[in-house]
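K.L.:
The structure's right below; bear with me while I get my questions together.
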Amino acid sequence: MGSQGSGGMPLVQVPYTVLLLPLGTSRQDPGAQSFFLWLRRMQALEREQDALWQGLELLQHGQAWFEDRLKEAQQRQLHLGALGENFLTDLHSEPGGPPLAQIQKVNICLQNLIHEKELSRQQKGVTQPKEEVAQQGCTNRPRGPTCV
């Protein structure tokens with residue numbers, strides 16, 4: 001499921017399950033019930049994996065979108081800084097991106113999702129390898145306001 005397609009995007013394969021039950025199997029048979037419960041759990045895990053692959057693809061697109069908006073905001077800030085006190089002469093360059101509240105809402109949702117998983121791991125006593133902890137942060141890009 002993790003192979004790369006054209007453009008570096010993961011290929012999503014849709015799994016399927018074939019169920020073969022002998023005709024003499026009763027629904028009350030403990031073996032058949034156990035198999036049925038196992039099969040339901042496998043299907044749930046397949047659906048979870050599909051959702052995770054879709055989420056990963058959305059995050060990749062989202063990262064590119066955030067990077068583009070960040071570049072645009074930095075350019076607007078540089079432009080405004082270059083205008084100095086004459087910024088009122090350039091009234092047509094108001095922010096054109098999505099409202100700040102929407103961006104913050106997405107950030108909070110992602111943060112909550114990640115935080116829930118970290119809490120779950122801590123409660124189970126699972127520790128992360130140092131490499132994984134180092135990779136959790138975003139890339140080493142400059143952060144904060146742009147110097148003008």
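The values are calculated or read from the model by the stated rules, or taken from the named source; none is laboratory data. Everything numeric here is computed off the predicted structure, so don't read it as measured data. Glycine gets a Cβ as well: all are built from the backbone with ideal geometry, and neighbour counts include every protein chain shown. To get the accessible areas, we keep the full protein, side chains included, count just its heavy atoms, and leave off ligands, DNA and RNA. Shrake-Rupley method; radii C 1.70, N 1.55, O 1.52, S 1.80 Å.
K.L.:
For segment 30-122, restrict the atom set to alpha-carbon positions and state the Rg and Dmax in Å.
P.N.:
In Å, with Rg to one decimal and Dmax whole: 22.9, 81.
K.L.:
Sorted by accessible area (1.4 Å probe), largest first, how do Glu116, Glu57, Glu85 line up?
P.N.:
Reading off the accessible areas and sorting them downward yields Glu85, Glu116, Glu57.
K.L.:
A further question follows. Be a star and scan segment 29-59 for residues whose amide nitrogen sits under 18 Å from the point 7 Å along the Cα-to-Cβ vector of Cys109.
P.N.:
Residues 51-59 fall inside that zone.
K.L.:
Can I ask one more? What whole-number value in Å² describes the accessible area per residue of segment 30-122 for a 1.4 Å probe?
P.N.:
82 Å²
K.L.:
Working out 0.36 nm times the residue gap between Arg121 and Gln28, then minus their Cα-Cα distance, what length gain in nm do you get to one decimal?
P.N.:
So the extension gain works out to 29.7 nm.
K.L.:
Continuing with this model, one more query. When all protein chains stay in place, what accessible area (Å², nearest 10, 1.4 Å probe) is found for Arg121?
P.N.:
70 Å²
K.L.:
Extending each Cα 7 Å along its Cβ direction at Trp38 and Leu78, get the distance between those two points in nm, one decimal.
P.N.:
Between Trp38 and Leu78, the label points sit 6.1 nm apart.
K.L.:
While we're here: How much accessible surface area, in Å² rounded to 10, belongs to the heavy atoms of His115 with a 1.4 Å probe?
P.N.:
Rounded to the nearest 10, the figure is 90 Å².
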